[in-house]
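Read the structure below first, then the notes.
The values are calculated or read from the model by the stated rules, or taken from the named source; none is laboratory data. All values reported here derive from a predicted model rather than from experimental measurement. Note that we place each Cβ from the backbone using ideal geometry, even for glycine, and neighbour counts take in every protein chain shown.
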Amino acid sequence: MTVTIETVTSVDGVVALKSCYEKLQQKIADPLPFALHEWHITWCRHFLNANPRIQDEPLFYVLRDPAGACVAIVPFVVSRRRIGPIRVVSVNVIGSDPAITEIRSPMVAPGYERLVAHAVQQHLTQAVNWDWIHWTGISTEFAETLALKGRMQWQPPQEDFVLDLVPSWEEFRAGLKRNIRESLRHCYNSLKRDNHVFEFCVAKTAPEMRGALERFFELHAMRADLRTAAMHPNRFTNQASREFLYDVCERLCAQDAVRIFQLKVGSEIVASRVGFIARGGLYLYYSGYDPAWGRYSVMTTTVAEAIKYAIGEGLKSVNLSPNREVSKTRWGPRQVDYIAAYELGTRLRSRLARQAYITALGGEGLPSWFLQHLIPARRNWQ
C-alpha cells in the first residue's frame, strides 16, 4: 500500500475537509465525538491563540490511498512560544485544553496505522523545525512505527471504557455482575420507597439545548464541590469552556449527534449527563447531580437510563469515558488503551526547552515561577 499526504494549515482549509471526515468516520472501529468535524472546527474558533504569547496554527495531515480515498486525518496544532530570543516550537494533536477534549487522537482507517505513522513522522521532520511532538491517542501499531526512528518518551496509556450493547435491556442487565444489579435495584427502589416518582428526559433539539446545558453546568459544579474520596473537578469554571460547549452542542444538534440526559424528580432536574452520538455509538461525557439526592444514587440511575435509551435507539456501544473508576468498571466494559508519547528533537536546545516547559507547567516553586515569566506554558482559558 502507498499513500499521498497533503497539509492543511488554515481553519478555512479544515472546514473544507467535511466530506473526508464523514467518509473516514465510517471506517473507524470506535469513533469518538472529539474526532468529529464539528468538534475540530469549533475548537479552532474558540481555543486557537488563547494566549497572545503563544502563536498557534493548524497543521492537519490528510492521507489518501492511490484511488484518492481518505484513509487518515492527523490533526495537529503547531504552537510557538518564546524564551527571550529563543523560539520554542511544539506540535500537539488538536484538543490541548483543560480536559474539555477528553481523548485526542488521529483518525486512521484500519490497516493503515504503520503507513500513516511513518509518512507523518517523516513529513514532520522535513516540514517543521519542532522541539517536541506530543503524540496522543495512538494505537500500538502506530506507536511501534514511531519508535523505529523517533526519540520517544512514553507516557502512561489513557484508559477508556466501552460497553458493547445487546438487543435488549433485560439481556444486558442479566449479563451484569451481581453487585451492579443490586446497586440498580437499590437506586430504583429507594426512590419508590420514599414516594418519589422520577422522569427520564432527553434534550436533543436546538430549543431545548441551552436550558439543558445551563442546568448541567449547575449540577456539574455541585458535584465538583463535594469533598469525597473520588474528586471530580469542575471542568467548566471559565466562560470560554462553557461557551465552547454551547457552540459545539448547537452544531452537533444539527447533526442529531448530541443528547442531554436528565433525571427529573417532581419538578426538579436532579442529575444530568451530556452524551454525544458518533456512528452508532453513544459517548457519555461529563455529568453532575444535586448532592441532596445523592443517597438515592441518582447518577447511577441516570447512567442506567442512558444505556436503556441507547439500546432502544439501536446503538452498538456506550463509551463510559476515560479514567479508571469503580463507577465505570463495575458495568463490565472492555478497556481501550490510547498510547501517548513525547517525541524529542535531536538538538540539545530542544531537550533543554522541553525540560524548561515541563518545569514551568508544574507551577510550583521558584524555578517554575521564574520560567513562567520567560515561557508561557499555559494558555489563558478565561
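Looking only at region 262-311, count how many residues are among the aromatic types (Phe, Trp, Tyr), part of a strand (DSSP E or B) and within 19 Å of ARG227 (Cα to Cα). Before you say what the answer is, go through the steps one by one.
To start, the set of residues in region 262-311 that are among the aromatic types (Phe, Trp, Tyr) comprises 276, 283, 285-286, 289, 293, 296, 309.
Filter once more, so that each one left must be part of a strand (DSSP E or B): 276, 283, 285-286, 289.
Cutting the leftovers down to within 19 Å of ARG227 (Cα to Cα) gives us 286, 289.
Selection size over region 262-311: 2.
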Practice task
Just give me the residues in region 137-172 being of a type outside the set (Ser, Thr, Tyr), in contact with a His (Cβ under 9 Å, 6 or more places away or on another chain) and buried (at least 18 other Cβ atoms within 10 Å of the Cβ), in sequence order.
Solution key: LEU146
Exercise for the section: Restrict the check to region 119-127 and report whether at least one residue is surrounded by 15 or more Cβ atoms within 10 Å (Cβ to Cβ) and more than 23 Å from ARG354 (Cα to Cα). Expected result: yes
Problem - Residue that is nearest to LEU48 (Cα to Cα), among those in region 235-261 that are part of a strand (DSSP E or B) and of a type in the set (A, V, I, L, M) - result: VAL258
Exercise for the section: Could you identify the single residue in ARG210, ARG223 that is surrounded by fewer than 19 Cβ atoms within 10 Å (Cβ to Cβ) and either touching a Cys at 6+ places or on another chain (Cβ under 9 Å) or charged (D, E, K, R) (or both)? Expected result: ARG210
Problem - Scope region 238-263; condition surrounded by fewer than 16 Cβ atoms within 10 Å (Cβ to Cβ) and more than 17 Å from the chain's Cα centre (by Cα); matching residues - result: ASN238, GLN239, ALA254, GLN255, ASP256
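Working only within region 279-296, note down all residues that are closer than 28 Å to LYS18 by Cβ and either hydroxyl-bearing (Ser, Thr, Tyr) or surrounded by fewer than 22 Cβ atoms within 10 Å (Cβ to Cβ) (or both).
The first filter runs over region 279-296 and keeps only residues closer than 28 Å to LYS18 by Cβ, leaving 279-286.
Hits for region 279-296 are ARG279, GLY280, TYR283, TYR285, TYR286.
Residue under question is VAL116, and the condition is that it be farther than 24 Å from SER350 by Cα, at pLDDT 95 or above and in a strand (DSSP E or B); does it hold? Lay out the reasoning, then the answer.
Details: farther than 24 Å from SER350 by Cα: yes; at pLDDT 95 or above: yes; in a strand (DSSP E or B): no.
No; evaluated as a whole, the condition is false for this residue.
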Completion exercise
Checked region 52-64 for anything without any contact (Cβ under 8 Å) to a residue 60 or more places away in the chain, surrounded by 17 or more Cβ atoms within 10 Å (Cβ to Cβ) and either outside the structural domain of VAL91 (by TED's automatic domain parsing) or over 26 Å from ARG114 (Cα atoms) (or both); matches are ASP56
Exercise for the section: Mind listing whichever residues of region 8-51 are surrounded by fewer than 16 Cβ atoms within 10 Å (Cβ to Cβ), at pLDDT 95 or above and not in a helix (DSSP H, G or I)? Expected result: THR9, SER10, ALA16
Completion exercise
When VAL88 is run through (1) in contact with a Pro (Cβ under 8 Å, 6 or more places away or on another chain); (2) assigned to a strand (DSSP E or B), the failure sits at (1)
